[in-house]
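Contents: one structure, followed by commentary.
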Amino acid sequence: MVTLKEITKKTLFPILKLDVLEHQKDQVAPNSISISEAYFEDKAWFRGIYNDDVPVGFVMLSLDTDKKEYWVWRYMIDKNHQGKGYGKDAMELVKKVIKEKFPDAMEFFLSYVPKEKDGADGFYRKLGFVDTGKMEDGEKIMRFGFA
(Lines give C-alpha, C1' and ligand atoms only; values in the text may rest on other atoms or scores of the structure.)
Protein backbone atom coordinates (compact mmCIF):
# COMPACT_ATOMS: atom_id res chain seq x y z
CA MET A 1 0.00 0.00 0.00
CA VAL A 2 1.40 3.38 -1.06
CA THR A 3 1.40 6.18 1.51
CA LEU A 4 2.90 9.65 1.91
CA LYS A 5 4.85 9.98 5.15
CA GLU A 6 6.41 12.95 6.87
CA ILE A 7 10.19 12.92 6.68
CA THR A 8 11.79 12.85 10.10
CA LYS A 9 15.31 12.66 11.48
CA LYS A 10 14.90 8.88 11.53
CA THR A 11 13.62 8.58 7.95
CA LEU A 12 15.70 11.28 6.27
CA PHE A 13 18.71 9.20 5.21
CA PRO A 14 16.73 6.53 3.31
CA ILE A 15 14.91 9.30 1.40
CA LEU A 16 18.23 10.97 0.57
CA LYS A 17 19.54 7.69 -0.88
CA LEU A 18 16.71 7.43 -3.42
CA ASP A 19 17.76 8.23 -6.98
CA VAL A 20 16.36 8.20 -10.49
CA LEU A 21 17.71 6.46 -13.58
CA GLU A 22 20.75 8.04 -15.23
CA HIS A 23 18.76 9.44 -18.18
CA GLN A 24 16.31 11.10 -15.73
CA LYS A 25 18.88 13.02 -13.68
CA ASP A 26 18.38 16.18 -15.73
CA GLN A 27 14.64 16.09 -14.99
CA VAL A 28 14.49 16.34 -11.19
CA ALA A 29 16.76 17.69 -8.48
CA PRO A 30 18.21 15.29 -5.92
CA ASN A 31 16.08 14.87 -2.79
CA SER A 32 18.81 16.50 -0.69
CA ILE A 33 18.44 19.73 -2.70
CA SER A 34 14.64 19.57 -2.56
CA ILE A 35 14.52 19.08 1.20
CA SER A 36 17.05 21.86 1.71
CA GLU A 37 14.94 24.22 -0.41
CA ALA A 38 11.78 23.20 1.43
CA TYR A 39 13.15 24.34 4.76
CA PHE A 40 13.51 27.88 3.40
CA GLU A 41 10.18 28.07 1.57
CA ASP A 42 7.03 28.46 3.65
CA LYS A 43 4.83 27.25 0.78
CA ALA A 44 6.62 23.89 0.56
CA TRP A 45 4.95 20.65 1.69
CA PHE A 46 7.00 17.49 1.24
CA ARG A 47 6.72 13.79 2.02
CA GLY A 48 8.41 10.48 1.39
CA ILE A 49 6.51 8.08 -0.84
CA TYR A 50 6.36 4.63 0.75
CA ASN A 51 5.21 1.19 -0.27
CA ASP A 52 4.31 -0.22 3.12
CA ASP A 53 7.45 0.69 5.12
CA VAL A 54 9.84 0.86 2.16
CA PRO A 55 10.71 4.34 0.85
CA VAL A 56 10.20 4.40 -2.92
CA GLY A 57 10.01 8.10 -3.80
CA PHE A 58 9.65 11.73 -2.85
CA VAL A 59 7.09 14.45 -3.51
CA MET A 60 7.19 18.16 -2.78
CA LEU A 61 4.31 20.55 -3.38
CA SER A 62 4.19 24.32 -3.49
CA LEU A 63 0.95 25.42 -1.85
CA ASP A 64 0.32 29.14 -2.28
CA THR A 65 -2.88 29.80 -0.36
CA ASP A 66 -2.84 33.55 -1.10
CA LYS A 67 -2.84 33.04 -4.86
CA LYS A 68 -4.74 29.75 -4.64
CA GLU A 69 -2.04 28.13 -6.77
CA TYR A 70 -1.00 24.56 -6.12
CA TRP A 71 1.96 22.90 -7.80
CA VAL A 72 3.79 19.61 -7.77
CA TRP A 73 7.25 21.09 -7.32
CA ARG A 74 9.24 17.85 -7.20
CA TYR A 75 8.20 14.28 -7.89
CA MET A 76 10.37 11.21 -8.16
CA ILE A 77 10.22 7.46 -7.87
CA ASP A 78 13.48 5.63 -7.18
CA LYS A 79 15.07 3.82 -10.11
CA ASN A 80 14.61 0.45 -8.35
CA HIS A 81 10.88 1.00 -7.87
CA GLN A 82 9.77 2.46 -11.20
CA GLY A 83 7.21 0.60 -13.28
CA LYS A 84 5.44 -0.90 -10.26
CA GLY A 85 2.52 1.55 -10.08
CA TYR A 86 3.86 3.50 -7.10
CA GLY A 87 4.09 6.75 -9.07
CA LYS A 88 0.47 6.51 -10.18
CA ASP A 89 -0.77 5.60 -6.70
CA ALA A 90 1.25 8.37 -5.07
CA MET A 91 -0.11 10.98 -7.49
CA GLU A 92 -3.64 9.89 -6.59
CA LEU A 93 -2.71 10.58 -2.96
CA VAL A 94 -1.34 14.00 -3.95
CA LYS A 95 -4.68 14.81 -5.58
CA LYS A 96 -6.45 13.81 -2.36
CA VAL A 97 -4.09 15.90 -0.21
CA ILE A 98 -4.73 19.00 -2.30
CA LYS A 99 -8.52 18.50 -2.24
CA GLU A 100 -8.56 17.82 1.51
CA LYS A 101 -6.39 20.83 2.35
CA PHE A 102 -8.10 23.11 -0.20
CA PRO A 103 -11.65 21.90 -0.94
CA ASP A 104 -12.23 24.85 -3.29
CA ALA A 105 -9.19 23.97 -5.44
CA MET A 106 -10.20 23.59 -9.05
CA GLU A 107 -6.80 22.68 -10.46
CA PHE A 108 -3.13 22.19 -9.80
CA PHE A 109 -0.04 22.24 -11.97
CA LEU A 110 3.34 20.68 -12.56
CA SER A 111 6.18 21.26 -14.96
CA TYR A 112 8.60 18.89 -16.59
CA VAL A 113 11.71 18.98 -18.73
CA PRO A 114 10.66 18.10 -22.28
CA LYS A 115 12.62 15.26 -23.85
CA GLU A 116 12.34 13.62 -27.25
CA LYS A 117 12.58 10.17 -25.71
CA ASP A 118 11.74 8.80 -22.24
CA GLY A 119 10.17 12.04 -21.02
CA ALA A 120 7.67 12.37 -18.20
CA ASP A 121 4.82 13.79 -20.28
CA GLY A 122 3.32 10.40 -21.19
CA PHE A 123 3.24 9.36 -17.55
CA TYR A 124 1.49 12.58 -16.50
CA ARG A 125 -1.02 12.40 -19.37
CA LYS A 126 -2.06 8.93 -18.22
CA LEU A 127 -2.82 10.48 -14.82
CA GLY A 128 -5.13 13.08 -16.30
CA PHE A 129 -2.78 16.05 -16.77
CA VAL A 130 -3.07 18.15 -19.92
CA ASP A 131 -0.48 20.36 -21.57
CA THR A 132 -1.21 24.07 -21.04
CA GLY A 133 0.91 25.14 -24.00
CA LYS A 134 2.99 27.27 -21.62
CA MET A 135 6.64 27.00 -20.67
CA GLU A 136 8.57 28.34 -17.71
CA ASP A 137 12.34 28.14 -17.24
CA GLY A 138 12.60 25.64 -20.11
CA GLU A 139 9.93 23.35 -18.65
CA LYS A 140 6.49 22.56 -20.07
CA ILE A 141 3.55 23.19 -17.76
CA MET A 142 0.73 20.68 -17.32
CA ARG A 143 -2.56 21.13 -15.52
CA PHE A 144 -4.82 18.73 -13.66
CA GLY A 145 -8.42 19.90 -13.29
CA PHE A 146 -10.64 18.55 -10.55
CA ALA A 147 -14.03 17.51 -11.93
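The values are calculated or read from the model by the stated rules, or taken from the named source; none is laboratory data. Remember, predicted model here, so these are calculated numbers, not experimental data. When we count neighbours, we look across all protein chains shown, and the Cβ atoms used for this are built from the backbone with ideal geometry, even at glycine. Note: areas computed on protein heavy atoms with side chains; ligands, DNA, RNA excluded. Shrake-Rupley method; radii C 1.70, N 1.55, O 1.52, S 1.80 Å.
What percent do you get for the relative contact order of the chain when only Cα pairs under 8 Å and 6+ apart count? Relative contact order, the chain: 20 percent.
First select every other residue whose beta carbon is under 12 angstrom from the beta carbon of residue 140; then total the charges, Lys and Arg +1, Asp and Glu -1.
Numbers: positive: 115, 125, 134, 143; negative: 121, 131, 136, 137, 139.
Neighbour charge sum, excluding residue 140 itself: -1.
Phi angles across the stretch 57-70 convert, under the Karplus curve 6.51 cos²θ - 1.76 cosθ + 1.60 with θ = phi - 60°, into 3J(HN,Hα) values of x, 8, 9, 9, 10, 10, 10, 9, 6, 5, 8, 6, 10, 10 Hz, Gly and Pro given as x.
Given charges of +1 on the Cβ of Lys and Arg and -1 on the Cβ of Asp and Glu, with all other atoms neutral, how large is the dipole of the chain about its Cα centre, in debye to the nearest 20? Before the final figure, lay out each step's value.
Working: 24 positive and 25 negative charges, 72 e Å.
Rounded to the nearest 20 debye, it is 340 debye.
How charged is the neighbourhood of residue 44? Take every other residue with its Cβ under 14 Å from the Cβ of residue 44, and add Lys/Arg as +1 and Asp/Glu as -1. Each step should come with its number before you reach the end.
Working: positive: 43, 47, 74, 101; negative: 6, 37, 41, 42, 64, 69.
Charge balance near residue 44 sits at -2.
Residue by residue, the stretch 130-147 carries 3J(HN,Hα) couplings of 10, 5, 8, x, 9, 10, 9, 6, x, 10, 7, 9, 10, 10, 10, x, 6, 6 Hz when phi is fed to the Karplus relation 6.51 cos²θ - 1.76 cosθ + 1.60 (θ = phi - 60°); x denotes Gly or Pro. Comparing 32, 111, 62 in a Gaussian network model of the chain, where Cα atoms under 10 Å apart are tied by springs, the biggest mean-square fluctuation is seen for 32. Carbon-plus-sulfur accessible fraction, the stretch 89-135 (probe radius 1.4 Å, protein heavy atoms only): 52%.
Report the local net charge at residue 129: Lys and Arg +1, Asp and Glu -1, summed over other residues whose C-beta lies under 9 Å from its C-beta. Show your work: numbers first, answer last.
Numbers: positive: 125, 126, 143; negative: 121, 131.
So the surrounding residues net to +1.
By its C-alpha gyration tensor, with a ≥ b ≥ c as the square roots of the eigenvalues, how is the chain shaped: rounded for a/c under 1.5, else prolate for a/b larger than b/c, else oblate? Cα axes put the chain in the rounded bin. Scaled against 2.2 N^0.38 Å for its residue count N, the alpha carbon radius of gyration of the stretch 5-71 is 1.17.
In the full protein context, the chain carries 59 Å² of accessible surface per residue, based on a 1.4 Å probe and ignoring ligands, DNA and RNA.
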